[in-house]
Amino acid sequence: MNGTAGDERDGRRRALGARATRRTVVRGAVGVGLGLSVVVRGPRVGAQEGSPAGGGEPIKVAFVYVSTIGDMGWTWAHDQGRQGLERNLPNVETSYQEAVPENAADAERVIRDFAQQGNRVVFTTSFGYMDPTINVAEDFPETTFVHISGFKTAENVATGFGKIEEPRYVSGLIAGRMTTANRLGYVAAFPIPEVIRGINAFALGVRRANPAASVQVVWTNTWFNPQQERAAAEALLDGGADVIAQHQDTAGPQQAAQERGVYGVGYNADMSVQAPEAVLTSPIWHWDVFYTQVVQQVLDGTWESNQYWGGWKDGLVDLAPIGPMVPAEVRAEAEAEIARFKSGERDIFAIFTGPINDQSGAEKVPAGAALTAEQLLGAEMDWFVEGVEGDIPEM
Amino acid sequence: MDEVLSVAFLTSVLAAAIPAGTAILYACLGELLCERAGVLNLGVEGMMLMGALGGVAATLWSGSVWVGTLGALLVGAGMASIHAVLTVGLGANQVVSGLALTLFGGGFSAFLGQDLVGRPVPATFGDLAVPVLADIPEIGRILFRQDALVYVSYALVPLLWLFIGRTRAGLRLRAVGERPEAADAMGVSVGRLRALYVVLGGALAGVGGAAISLGTNPGWQEGMTAGRGRIAVALVIFAGWNPLRAALGAYLFGGVEAGQFRLQGAGVPVSSFFLNMLPYLFTIAVLVLATREAARRRLGGPAALGRPYAREERG
């Protein structure tokens, strides 16, 4: 809640391959408040009574969140998923705890409490909960744990993540058609594989629609800082960009685009609510799809540990409705592409199929070859495709 | 690099520095008044957050940004009156009360604002070009194409400077912050004055919150001040308790924030971690200087800052 420069949310080390200490680094000297703030705010646990119609004992499912559900960003999207789970399965009782720090002591305590309270499924929704989840899971073999965005599994621990790059690519197609300056801006949080992958997917979409266009990237080093994100977008706008995309948790960049009378692409939530004249569309998450699937499998006794990486075909990721400013032919082109992703005809590997050059123009992926899941998700994702302007600083 | 040294580049940075610094400026001026009266208020962040929420709620209710701003002002004042009761009325520890209010403001605004998250506000402070002045080359774009709260802050800074340094009321304010026992002996009601300035300071912090939630980033989002209240507290020391220098500090911070992204775009490698650290670095440097009594006098720190005043202990 408090802290300088959005530090609270900065800690969301959810990306694969992210360094485990980022939160601590970003928080710096002023983070003392956090531990206290959690204590003062107390566990805000929202539980719903089991539906009487379902009959029998409801199945209890718990969620561990890294920030608060009102952030309109990452945790908000997960909480929408929790609410969707309750709607989809009548006899489910959910509870959650917000703003759980990603250190072993706090995270393990919260996860352990949930397991002891008889929750049969516990979802831990940030990268930093990976080891705590594994550690607690050892003591509760009967409980199912699902960790979002990590890579460690166990007999009773699975992982889950989504191919948000698929809708990002299509948002790039739309943005590439809508720019008249042939200059787009991208407000990016941290130079980690997850964010770089998203920028590349967006730029590949932009360049397919408009080979003359370029995408300028600026790094904010924060997930959540409304005014700073807005300032970053204004710098891109002053540099001549006329579409602003983002990998940030607030609508600040979109509001800046709207004020200048140009366009943007949101993220996490349908940001056309905050900037209706600017937002062309927003890549969004439907975590309820994944949560419902896992809980149903546990109920059926068919669940087993796996590494789930869902795409558009699975319904986990999506694009928010395309804005009214997008002309019919662009919309039709985007919708045709969306249909191909939804049917599974295209997927993230199709996006990252060669020929793809890097920033310098050198061939990175030969024609016909595609990047592997490992190359996409891991630390190898440290380069920009041709058409992206900006550096990737060392973290 | 040439790009960086151009007039267009500087204009763009300065024009962005002002809105980016305005929320901090309001909060900083509020804290300055409060500290001049001898009371440290570390609850600014919580008051800004509550003000940001109050501003959105009152604008949704009334449809007017000015009613919204009034709402933010009253909510900020309300939060600060808790601090006044605790620290001035009951003589509680100012640091503890302030920190508690920051935490309370963060949590309570999140709780109250749950249903307002993501709701668009019906009216916001848009940029207004001042006739004639806005057409001055460069200067016009930097100073006179801003929103209404920015113009109010332009007036507030010199007014507060004159008030503190040149008026009888300002003299009494300084007296209760410097030598409360002397002020008491002169017949000034130390407690009442201190409470008044704590509440006024909180009101300004609330307006600072509204400068974000109704100005640069319309709408309510939890934690949306993202630490600006803390920076405001730090800037008061940097400013040496002088409103003119507070404006300089706030715009400097805004300029650093706006400038870093333009430098990145121009290919100049700057770490935003480093830049985000600067206000604190300055503050620490100033604090180190201020540990020497003589230096502290020169800086202008109120002598009785942080010390509760109780009449029986006079002398």
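The values are calculated or read from the model by the stated rules, or taken from the named source; none is laboratory data. Because the structure is predicted, anything quoted here is derived from the model rather than measured. Every residue, glycine as well, gets a Cβ built from its backbone with ideal geometry; the counts of neighbours run over all protein chains shown.
Filtered by the rule that a residue be farther than 17 Å from A:W74 by Cβ, at the interface with chain B (Cβ under 10 Å from one of its Cβ atoms) and either in contact (Cβ under 8 Å) with a residue 12 or more places away in the chain or of a type outside the set (D, E, K, R) (or both), the range A:243-271 gives A:Q255, A:A256, A:Q258.
Can you work out which of the residues in the range B:97-135 that are assigned to a loop (DSSP other than H, G, I, E, B) and among the aliphatic types (A, V, I, L, M) is surrounded by the fewest Cβ atoms within 10 Å (Cβ to Cβ)?
B:V132
Of the residues making up the range B:259-270, not a single one is of a type in the set (A, V, I, L, M), within 11 Å of chain A (Cβ to nearest Cβ), buried (at least 24 other Cβ atoms within 10 Å of the Cβ) and assigned to a loop (DSSP other than H, G, I, E, B).
Listed residues B:G255, B:G249; which is outside any loop (DSSP other than H, G, I, E, B), more than 14 Å from chain A (Cβ to nearest Cβ) and either in contact with a Cys (Cβ under 7 Å, 6 or more places away or on another chain) or in contact (Cβ under 8 Å) with a residue 24 or more places away in the chain (or both)? First the steps, then the outcome.
On the way: B:G255 fails: more than 14 Å from chain A (Cβ to nearest Cβ).
The conditions single out B:G249.
Looking at A:A232, A:A275, just one residue is among the small types (G, A, S) and not in a loop (DSSP other than H, G, I, E, B), and that residue is A:A232. Here the condition is being touching a strand residue (DSSP E or B) at 6+ places or on another chain (Cβ under 6 Å) and either modelled with pLDDT of 95 or more or not β-branched (V, I, T) (or both); of A:A209, A:A181, A:A201, A:A175, it holds for A:A175 alone. Here the condition is being under 15 Å from A:V110 (Cβ atoms), not in a loop (DSSP other than H, G, I, E, B) and not charged (D, E, K, R); of A:S95, A:S67, it holds for A:S95 alone. Of all residues in the range B:167-197, exactly one satisfies the criterion of being under 18 Å from B:L29 (Cβ atoms) and in contact with a Phe, Trp or Tyr (Cβ under 6 Å, 6 or more places away or on another chain), namely B:G170.
Would you say B:G206 is touching a residue at least 24 places away in the same chain (Cβ under 8 Å), more than 21 Å from B:V13 (Cα to Cα) and more than 8 Å from chain A (Cβ to nearest Cβ)? Give the derivation first.
Details: touching a residue at least 24 places away in the same chain (Cβ under 8 Å): yes; more than 21 Å from B:V13 (Cα to Cα): yes; more than 8 Å from chain A (Cβ to nearest Cβ): yes.
In short, yes.
Within the range A:293-344, if we keep just the residues that are outside any helix (DSSP H, G or I) and among the polar types (S, T, N, Q), the residue that is surrounded by the fewest Cβ atoms within 10 Å (Cβ to Cβ) turns out to be A:T302. Given the condition facing chain A (nearest Cβ under 10 Å) and either outside any loop (DSSP other than H, G, I, E, B) or surrounded by fewer than 24 Cβ atoms within 10 Å (Cβ to Cβ) (or both), answer yes or no: does some residue in the range B:182-195 qualify? Within the range B:182-195, none of the residues are facing chain A (nearest Cβ under 10 Å) and either outside any loop (DSSP other than H, G, I, E, B) or surrounded by fewer than 24 Cβ atoms within 10 Å (Cβ to Cβ) (or both).
Within the range B:215-227, restricting attention to residues that are facing chain A (nearest Cβ under 7 Å) and either assigned to a helix (DSSP H, G or I) or of a type in the set (D, E) (or both), the residue that is farthest from B:L99 (Cα to Cα) is B:T216. Among the residues of the range B:19-33, the one identified as modelled with pLDDT under 95 and hydrophobic (A, V, I, L, M, F, W, C) is B:A20.
Within the range A:235-242, is even one residue more than 9 Å from every other protein chain (Cβ to nearest Cβ) and either β-branched (V, I, T) or over 29 Å from B:I212 (Cα atoms) (or both)? First the steps, then the outcome.
Just the residues of the range A:235-242 that are more than 9 Å from every other protein chain (Cβ to nearest Cβ), to begin with: A:237, A:240-242.
Now restrict to residues that are either β-branched (V, I, T) or over 29 Å from B:I212 (Cα atoms) (or both): none.
Within the range A:235-242 (the criterion being more than 9 Å from every other protein chain (Cβ to nearest Cβ) and either β-branched (V, I, T) or over 29 Å from B:I212 (Cα atoms) (or both)), the answer is no, since none of the residues qualifies.
Residues in the range A:243-258 that are touching a helix residue (DSSP H, G or I) at 6+ places or on another chain (Cβ under 8 Å) and either outside any helix (DSSP H, G or I) or of a type in the set (S, T, N, Q) (or both): A:V243, A:I244, A:A245, A:Q246, A:H247, A:Q248, A:D249, A:T250, A:A251, A:Q254, A:Q255. For the range A:345-364, indicate whether the set of residues that are at pLDDT 95 or above, assigned to a loop (DSSP other than H, G, I, E, B) and buried (at least 20 other Cβ atoms within 10 Å of the Cβ) is non-empty. Taking every residue of the range A:345-364 in turn, at least one turns out to be at pLDDT 95 or above, assigned to a loop (DSSP other than H, G, I, E, B) and buried (at least 20 other Cβ atoms within 10 Å of the Cβ). In the range A:78-116, of all residues being crowded, with 19+ Cβ neighbours inside 10 Å and within 15 Å of B:Q114 (Cβ to Cβ), the one that is modelled with the lowest pLDDT corresponds to A:A99.
Could you check, for the range A:165-185, whether at least one of its residues is in a helix (DSSP H, G or I), away from every other protein chain (no Cβ under 14 Å) and farther than 23 Å from A:D270 by Cβ? Walk me through it before giving the result.
Pass one, the range A:165-185, residues in a helix (DSSP H, G or I): A:165-178.
Now narrow it down to the ones that are away from every other protein chain (no Cβ under 14 Å): A:165-178.
Going one step further and asking which of them are farther than 23 Å from A:D270 by Cβ, we end up with none.
For the range A:165-185, residues in a helix (DSSP H, G or I), away from every other protein chain (no Cβ under 14 Å) and farther than 23 Å from A:D270 by Cβ: absent.
Looking only at residues of the range A:56-77 that are more than 14 Å from chain B (Cβ to nearest Cβ) and in contact (Cβ under 8 Å) with a residue 60 or more places away in the chain, we find that the one that is surrounded by the most Cβ atoms within 10 Å (Cβ to Cβ) is A:F63. Output yes when any residue across the range B:9-28 is crowded, with 19+ Cβ neighbours inside 10 Å, away from chain A (no Cβ under 12 Å) and more than 30 Å from B:G118 (Cα to Cα), and no when none is. Taking every residue of the range B:9-28 in turn, none turns out to be crowded, with 19+ Cβ neighbours inside 10 Å, away from chain A (no Cβ under 12 Å) and more than 30 Å from B:G118 (Cα to Cα).
Looking across the range A:128-168 at every residue that is under 18 Å from A:D113 (Cβ atoms) and in contact (Cβ under 8 Å) with a residue 40 or more places away in the chain, the one that is surrounded by the most Cβ atoms within 10 Å (Cβ to Cβ) is identified as A:Y129.
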